[in-house]
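Structure first, commentary second.
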Amino acid sequence: MEAKTFIKEIVAKSKKAQQVVEAFDQEQLDAMVKGMAKTIYDNRERLSKEAHEETGLGTAENKITKHISLTVNQWNFLKGKKSTGLIKEDKELALLTYAKPMGVIGSLTPSTNPTTTATHNALISVKSGNSIIVSPHPKAKRCTALAVQLMNEAIIAAGGPENLVMSIEEPTIELTDLLMKEVDVVVATGGFGMVKAAYSSGRPSFGVGQGNVQTLFDDSLENIDTAVGTVIFNRAYDLGLPCTGDQTIYIPKTIAADVLAAFKAQGAVLFDDEATIDKFRKKAFVDSHQNLEIVGHPAASVAKTVGIEGVPEETKLLLFKVEKAGKDEPLAKEILCPVVRYRIYEDFADAVEWARTNLLMEGAGHTATLFSTSQERIRHAGARLPVGRVMVNQGGASASGGPINNGLEPTISLGCGSWGNNSISENLTYHHLMNVTRVSSVIPDVAPLDPEKVFED
């Protein structure tokens, strides 16, 4: 079948299913969403193993916990939220607000988080009465198709139509490009090229910018061991695949010895000799792109690949010292494996500017983390760093809103604003995928404006 015909047919099937659920009430929508989340939770081990076997990236164990966090936190957040019909009545402003679906969502998903990204985007789409077609990464097509199949079975069991969630089982660049032109809205999670293509499709699009998390340690931090443990867990999780993993850490000179000792004690191997650092520097990237031979692989394997010997197999993290930032340091960019760079500073303001330089080169709009108890420094970092999220005394993964002890909305798609060429700088969720109608009535007894009073001091 011709590619264009194929895409038109699956979009037509998706639209037919969407038109059915457009008439569903909140209870019916939520029943489907709950069923979808529960079936992915119940099948987390199967999906994680298949994702790991198919892509060869990360670990099945970490993918299992990722499925747990996603499904439990998403449903806990989504249940009870109004996403159809009358969602708000403001008597003071005489406004009624009605939520309505956008239609057919096209979702582009990466190989790094194939089943979790597909699940998240399906949950928030169906929550708002949309249908969704997933275009997976070719290296993750089977595990993504399985997740979609499981969700569809749950939808039908909850009284919904078939084809509400679909996937392209044999994805190609051509099919993905055609899909983006046919759907009503595009959600693109992946590299810069994918996001750029989404915004060039002629359809409303939500893209996700590139990560390059900058992490600041402040000498007022409460506990060095806890902060170091948080970074190691966050960075080594799923072998460094999440974009929320720490990339460059800034350590104050006053506590540097204790911080580095804590890293060693907790499973990191440190390198501060220029010859070894340069060896990694030369092989971390190939033709300006991340070396795929180290992406999503264990620390010891990464070391062997770049020619560094003697790293124990149980090593959790490789830590390389750097002295420069931005374009002057090739290692200032994002690297998706258990590798972190560190730099010692004497003045906190300098460290913030180094982090800012790295972000403006790559990763602007995404996330930074800060371990501190100083409100002055927390506010300084928040004011200066060009990111959508500054995570204080928590891992960068908390930026996705997974934990229930921060105020961010749970997501797997982190908008990076105009810094990252994205349309939003917040966490993508269900309310971004619904249109609203505002019914405006005249507010009674409003006095006309007096220009003299309006402009008076």
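The values are calculated or read from the model by the stated rules, or taken from the named source; none is laboratory data. Worth saying up front: this structure is predicted, and the values here are computed from it rather than measured. All Cβ positions, even for glycine, are placed from backbone atoms using ideal geometry, and neighbour counts span all protein chains on display.
Remarks
Each row is one residue, and each column tells you yes or no for (1) under 22 Å from residue 409 (Cα atoms); (2) more than 21 Å from the chain's Cα centre (by Cα).
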position: 19; (1), (2): no, yes
position: 30; (1), (2): yes, yes
position: 33; (1), (2): yes, no
position: 43; (1), (2): no, yes
position: 58; (1), (2): no, no
position: 62; (1), (2): yes, no
position: 70; (1), (2): yes, no
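- Some residue of segment 150-161 being over 19 Å from the mean Cα position of the chain (by Cα), under 18 Å from residue 185 (Cβ atoms) and in contact (Cβ under 8 Å) with a residue 40 or more places away in the chain: no
- Within this structure, residue 446 fails the test of being outside the structural domain of residue 341 (by TED's automatic domain parsing), at pLDDT 95 or above and surrounded by fewer than 19 Cβ atoms within 10 Å (Cβ to Cβ).
- Candidates in segment 1-31 are the residues that are among the β-branched types (Val, Ile, Thr) and either more than 23 Å from residue 87 (Cα to Cα) or touching a Phe, Trp or Tyr at 6+ places or on another chain (Cβ under 7 Å) (or both); of these, the one that is surrounded by the fewest Cβ atoms within 10 Å (Cβ to Cβ) is 5.
- Evaluation of residue 87 against (1) part of a helix (DSSP H, G or I); (2) surrounded by fewer than 24 Cβ atoms within 10 Å (Cβ to Cβ); (3) of a type in the set (Val, Ile, Thr) (one fails), failing number: (1)
- Flag for residue 18 being in contact with a Pro (Cβ under 8 Å, 6 or more places away or on another chain), outside any loop (DSSP other than H, G, I, E, B) and closer than 30 Å to residue 243 by Cα: no
- Leading residue by the ranking (nearest to the chain's Cα centre (by Cα)) among those in segment 355-376 that are buried (at least 20 other Cβ atoms within 10 Å of the Cβ) and more than 11 Å from residue 214 (Cβ to Cβ): 365
- Pairs, first surrounded by fewer than 17 Cβ atoms within 10 Å (Cβ to Cβ) in segment 413-437, second aromatic (Phe, Trp, Tyr) and modelled with pLDDT of 90 or more, C-beta under 8 Å, six or more apart: 436/98; 437/98
- For the residues 261, 300, 236, 275, the requirement of being in contact with an Asp or Glu (Cβ under 6 Å, 6 or more places away or on another chain), part of a helix (DSSP H, G or I), at negative phi and among the small types (Gly, Ala, Ser) singles out 300.
- When residues of segment 211-232 are limited to those that are more than 26 Å from the chain's Cα centre (by Cα) and assigned to a helix (DSSP H, G or I), the one surrounded by the most Cβ atoms within 10 Å (Cβ to Cβ): 224
- Residue match in segment 239-247 (condition: assigned to a helix (DSSP H, G or I) and free of Cβ contacts under 8 Å to residues at least 24 places away in the same chain): no
- In the set (1) modelled with pLDDT under 95; (2) in a strand (DSSP E or B), residue 169 fails one condition alone, (2).
A quick yes/no check of all residues on (1) among the hydroxyl-bearing types (Ser, Thr, Tyr); (2) more than 22 Å from residue 210 (Cα to Cα); (3) buried (at least 24 other Cβ atoms within 10 Å of the Cβ):
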site	(1), (2), (3)
75	no, yes, no
91	no, yes, no
103	no, yes, no
109	yes, no, yes
143	no, yes, yes
149	no, yes, no
155	no, yes, yes
165	no, yes, yes
177	no, no, no
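- Residue within segment 80-100 that is without any contact (Cβ under 8 Å) to a residue 60 or more places away in the chain, in the same structural domain as residue 145 (by TED's automatic domain parsing), of a type in the set (S, T, N, Q) and in contact with a Ser or Thr (Cβ under 7 Å, 6 or more places away or on another chain) present: no
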